[in-house]
1. What's the number of the condition Arg194 fails, among (1) in contact with a Pro (Cβ under 6 Å, 6 or more places away or on another chain); (2) farther than 23 Å from Val148 by Cβ?
2. Please pick out the residue among Lys25, Lys78 that is free of Cβ contacts under 8 Å to residues at least 40 places away in the same chain and either near the ligand (Cβ under 9 Å from one of its atoms) or assigned to a helix (DSSP H, G or I) (or both).
3. So, of the residues in region 199-237 that are in contact with a Leu (Cβ under 7 Å, 6 or more places away or on another chain) and closer than 29 Å to Ser124 by Cα, which turns out to be surrounded by the most Cβ atoms within 10 Å (Cβ to Cβ)?
4. Anything in region 81-109 that is part of a loop (DSSP other than H, G, I, E, B) and more than 11 Å from the ligand (Cβ to nearest atom)? List them, or say none.
5. Out of curiosity, is Val35 in contact (Cβ under 8 Å) with a residue 24 or more places away in the chain, under 23 Å from Glu193 (Cβ atoms), among the β-branched types (Val, Ile, Thr) and near the ligand (Cβ under 10 Å from one of its atoms)?
6. When you go through (1) part of a helix (DSSP H, G or I); (2) within 15 Å of the ligand (Cβ to nearest atom); (3) closer than 28 Å to Phe197 by Cα one by one for Ile178, which number turns out not to apply?
7. Hey, any hits in region 118-135 for a residue that's of a type outside the set (Ser, Thr, Tyr), within 16 Å of the ligand (Cβ to nearest atom), within 15 Å of the chain's Cα centre (by Cα) and in a loop (DSSP other than H, G, I, E, B)?
8. Quickly run through region 163-218 and pick out the residues that are over 20 Å from the mean Cα position of the chain (by Cα) and without any contact (Cβ under 8 Å) to a residue 40 or more places away in the chain.
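Values quoted throughout were computed directly from the atomic coordinates according to the rules given, and no laboratory measurement underlies them. Keep in mind the model is a prediction, meaning the values are calculated, not measured. A quick note on method: Cβ atoms are made from the backbone with ideal geometry, for glycine too, and the neighbour counts reach across all protein chains shown.
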Amino acid sequence: MTKVATHYDQVAAVYDSQYDQKQGKIYYGHICSKVMENLPKRGKLLDLGCGTGLFMHRYVSSGGEAFGLDISRGMIIKAHGRDGSDVFSGNAEVLPFCDGVFDCISSILAFSYLQNPNSMLDESYRLLKPGGALSVCTLGHNMFTKMVPVAYRIGEKLKIKRVGVGTFKEHYYREDEIRELFEKAGFEDVKVERISFAHVDLKPSLYSIAKKVEPFVEEKVPYLAFNLCVSGKKPEK
Ligand SMILES: C[S@@+](CC[C@H](N)C(=O)[O-])C[C@H]1O[C@@H](n2cnc3c(N)ncnc32)[C@H](O)[C@@H]1O
């Protein structure tokens, strides 16, 4: 079992609580709507690193059909319990599905954990129908994530059991770097957008200020936006 799988098994029971409160709901909702914008509405979706199925639930509620895959069995059990959707245990880098069966593929806050992102992108391309869409949200390389590995290493030493805290050889992407990965895998119309400045961990007063300036930061100050939303299409033929 990988270290990341063990970690998410341990936090599966409390994972959703970070998005239960107002700030968490807004933060996660903002990410999900950006990812959703790049997906067809009522298609057949595969969510990679689906966790407890929060995004699958949104996709199903908006009229689609969703399948999930995650490396943590603890997270999968929660995802299955949510809507009874089909969820599979496995590594997003090697996908156990036939070619061309999905209309779209999503992955939210899981891409940074991949040790071989090329393989996940090649596999996603293989599974998509011609014209199908891939939409990913992942932590970008920015002012905040520069400090994250240090903070997480200290957190691990102090045995802090919080979602995501630990050393997992995560990689935070630059815009041109992730665009190149998508294009190398064959995706076209690749779009990279910065998203989220108001982070769920901020104190409520700071959060509301950050939320006000968030659109400006997303558009003009790349180094301050937390996440990148990246999308691409498999060519029609
Ligand atoms: C921060 S959580 C995000 C979960 C979910 N996508 C969400 O939006 O709430 C990261 C998830 O990625 C999963 N994960 C990490 N590496 C993975 C891999 N190589 N293959 C599949 N899942 C992976 C973890 O088990 C965890 O459930």
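1. Of (1) in contact with a Pro (Cβ under 6 Å, 6 or more places away or on another chain); (2) farther than 23 Å from Val148 by Cβ, only one is false for Arg194: (2).
2. Residue meeting the stated conditions: Lys25.
3. Among those residues, the one meeting the criterion is Asn227.
4. In the first step, residues of region 81-109 are kept if they are part of a loop (DSSP other than H, G, I, E, B); the result is 84-85, 90-101, 109.
Listed by number, the residues that qualify are Gly84, Ser85, Pro96, Phe97, Cys98, Asp99, Gly100, Val101.
5. Taking the combined requirement at face value, the residue satisfies it.
6. (2)
7. Checked against the condition, which is being of a type outside the set (Ser, Thr, Tyr), within 16 Å of the ligand (Cβ to nearest atom), within 15 Å of the chain's Cα centre (by Cα) and in a loop (DSSP other than H, G, I, E, B), region 118-135 yields no hits at all.
8. Residues satisfying the conditions are Lys203, Ser205, Leu206, Ser208, Ile209, Ala210, Lys212, Val213, Pro215, Phe216, Val217.
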